[in-house]
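S.K.: Sharing a structure below in structure tokens format, with a few things to ask.
The values are calculated or read from the model by the stated rules, or taken from the named source; none is laboratory data. Computed from a prediction, not measured in an experiment: that's the story for all the values here. Cβ placement follows ideal geometry from the backbone for every residue including glycine, while neighbour counts extend to all protein chains displayed. Note: areas computed on protein heavy atoms with side chains; ligands, DNA, RNA excluded. Shrake-Rupley method; radii C 1.70, N 1.55, O 1.52, S 1.80 Å.
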Amino acid sequence: QVQLVESGGGLVQPGGSLRLSCVASARFISTRTMGWYRQVPGKQRDLVASISSSGSTNYADSVMGRFTISRDNAKVTVYLQMNNLKPEDTAVYYCTAGAQRYWGQGTQVTVSS
């Protein structure tokens, strides 16, 4: 059973930054696309960003230019650097891998003054 463990969420003021991390328990995940989704209560889970095993990236329009996804295949870890955070970025952020076959437990990000 593959486990994805997220960390790095928290409370930040508008304009601030956070860095999320997600480490996978199985090494083969380093050959799979990894990504981040987010969800607010009552709404569907939406893609934030994804990164292929070779480093190709994809971003939601709402985070383009503010968020950066990266990965370290040796550590089987994916990161999400979030800058210039806005209140509308408040959500539970989920790590995923393997075409959304595997999911983390989620980490709360709250942007508020």
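S.K.: Looking at Val92, Val48, Val78, can you tell me which residue is touching a helix residue (DSSP H, G or I) at 6+ places or on another chain (Cβ under 7 Å) and part of a strand (DSSP E or B)?
M.R.: The unique qualifying residue is Val48.
S.K.: Mind listing just one residue for me: the one in segment 1-32 that is open to solvent by 70 Å² or more (accessible area, probe 1.4 Å) and part of a loop (DSSP other than H, G, I, E, B) and, of those, nearest to Arg66 (Cα to Cα)? Walk me through how you get there before you give the answer.
M.R.: The initial filter retains those residues of segment 1-32 that are open to solvent by 70 Å² or more (accessible area, probe 1.4 Å), namely 1, 3, 5, 11, 13, 19, 25, 27-28, 31-32.
Okay, now just the ones that are also part of a loop (DSSP other than H, G, I, E, B), so 1, 3, 13, 25, 32.
On the way: Gln1: 33, Gln3: 28, Gln13: 15, Ser25: 29, Arg32: 24 Å.
Per the criteria, the residue is Gln13.
S.K.: Give the residues of segment 19-35 that are touching an Asp or Glu at 6+ places or on another chain (Cβ under 9 Å) and closer than 16 Å to Val109 by Cα, sorted by residue number.
M.R.: Leu20, Ser21, Cys22
S.K.: The conditions are (1) of a type outside the set (Phe, Trp, Tyr); (2) closer than 24 Å to Ser25 by Cβ; (3) not in a loop (DSSP other than H, G, I, E, B), and Gln105 fails exactly one of them. Which is it?
M.R.: Going through (1) of a type outside the set (Phe, Trp, Tyr); (2) closer than 24 Å to Ser25 by Cβ; (3) not in a loop (DSSP other than H, G, I, E, B) one by one, Gln105 breaks only (3).
S.K.: Starting from residues that are basic (Lys, Arg) and more than 21 Å from Val2 (Cα to Cα), keep the ones in segment 33-67 and report whichever is most open to solvent (accessible area, probe 1.4 Å).
M.R.: Lys43
S.K.: If we keep just the residues of segment 77-113 that are open to solvent by 10 Å² or more (accessible area, probe 1.4 Å) and of a type in the set (A, V, I, L, M, F, W, C), which is farthest from Ser17 (Cα to Cα)?
M.R.: Ala99
S.K.: Restricting to segment 76-107, give me the number of residues that are hydrophobic (A, V, I, L, M, F, W, C) and out of contact with any strand residue (DSSP E or B) (no Cβ under 6 Å at 6 or more places or on another chain).
M.R.: 1
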